[in-house]
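The values are calculated or read from the model by the stated rules, or taken from the named source; none is laboratory data. All of these numbers come straight from a predicted model, not from anything done at the bench. Don't worry about glycine lacking a Cβ; one is built from the backbone with ideal geometry, like all the others, and counts go over all protein chains shown. Surface areas here come from the heavy atoms of the whole protein model, side chains and all, with no ligands, DNA or RNA. Shrake-Rupley method; radii C 1.70, N 1.55, O 1.52, S 1.80 Å.
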Amino acid sequence: SFLTSLEANVKLAYAPVKGIINYASAMGHIWIKTGTEWMKKGAAFARTPEGAAILKELEREGMGVSFAEGLRGEPKLKQGFLSPTFLFQYPEIPVRRMSLITNYVIGKEKLGLSDAAAKEFAIRGNIAQNFMYDMASMPRLMRSPLGKTLGQFKSYLVQEIQFMSQLSKQEWGWYLGMQVALAGPRGLIMIARSLPILGLFTGFQALMDEAE
């Protein structure tokens, strides 16, 4: 709608720094759940003919958000380069491709899954790490026209909290470090303000108990 587009443009228009942070944060999610070595293996596999073919298949089924299709069948942003939010949304494609191929390699090599099961594991991993923004993934209150307008940027927050709730003690340490690296002192303030909520998460509580 006009109001949701206007709000998005006001907050995200022509914002390359926010785009960089979006990219780094999304890559951080993948790193927290998979690790550096598996991301390296995933990237290397994607450069092989077999990996490229599998990634192309995964792109059609498991990107988690809707993209346009390029001339060669590759995903591309629906917005053109001159769109106000292009720079912010541009990282969505590379980070989701990285998540898909990394989780696929983990499914095959680490978990010993069949090809079909590894692809399903990759799609689920991408959704868990980079979220979905379709209507079905939103809380019921955000699905009405008014809810979509008032809660346009709340869907990310809801799914980020869900992501945090699934972190282990070790992953919580990585997550907190990532937030401080991305946001500096502001990240510490954000984390401090979240303490009542964070205390509900088992992994975070275990990390704090060990720190004490």
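For the range 74-84, does any single residue satisfy the condition of being at pLDDT below 90, surrounded by 17 or more Cβ atoms within 10 Å (Cβ to Cβ) and assigned to a helix (DSSP H, G or I)? No, every residue in the range 74-84 fails to be at pLDDT below 90, surrounded by 17 or more Cβ atoms within 10 Å (Cβ to Cβ) and assigned to a helix (DSSP H, G or I).
Looking only at the range 18-32, decide whether some residue is modelled with pLDDT of 95 or more, open to solvent by 40 Å² or more (accessible area, probe 1.4 Å) and under 14 Å from the mean Cα position of the chain (by Cα). Yes, there is a match, as at least one residue in the range 18-32 is modelled with pLDDT of 95 or more, open to solvent by 40 Å² or more (accessible area, probe 1.4 Å) and under 14 Å from the mean Cα position of the chain (by Cα). List the pairs whose first member sits in the range 100-119 and is open to solvent by 70 Å² or more (accessible area, probe 1.4 Å), whose second member is of a type in the set (A, V, I, L, M) and assigned to a helix (DSSP H, G or I), and whose Cβ atoms are under 8 Å apart, counting only residues at least 6 apart or on separate chains? If the second residue must be of a type in the set (A, V, I, L, M) and assigned to a helix (DSSP H, G or I), the pairs left are LYS108/ALA118; LEU111/ALA118.
Of all residues in the range 50-73, exactly one satisfies the criterion of being touching a strand residue (DSSP E or B) at 6+ places or on another chain (Cβ under 8 Å), at pLDDT 80 or above and among the charged types (D, E, K, R), namely GLU59. LYS108 meets the conditions (1) farther than 14 Å from LYS33 by Cβ; (2) modelled with pLDDT under 95 in every case but one. The failed one is (2).
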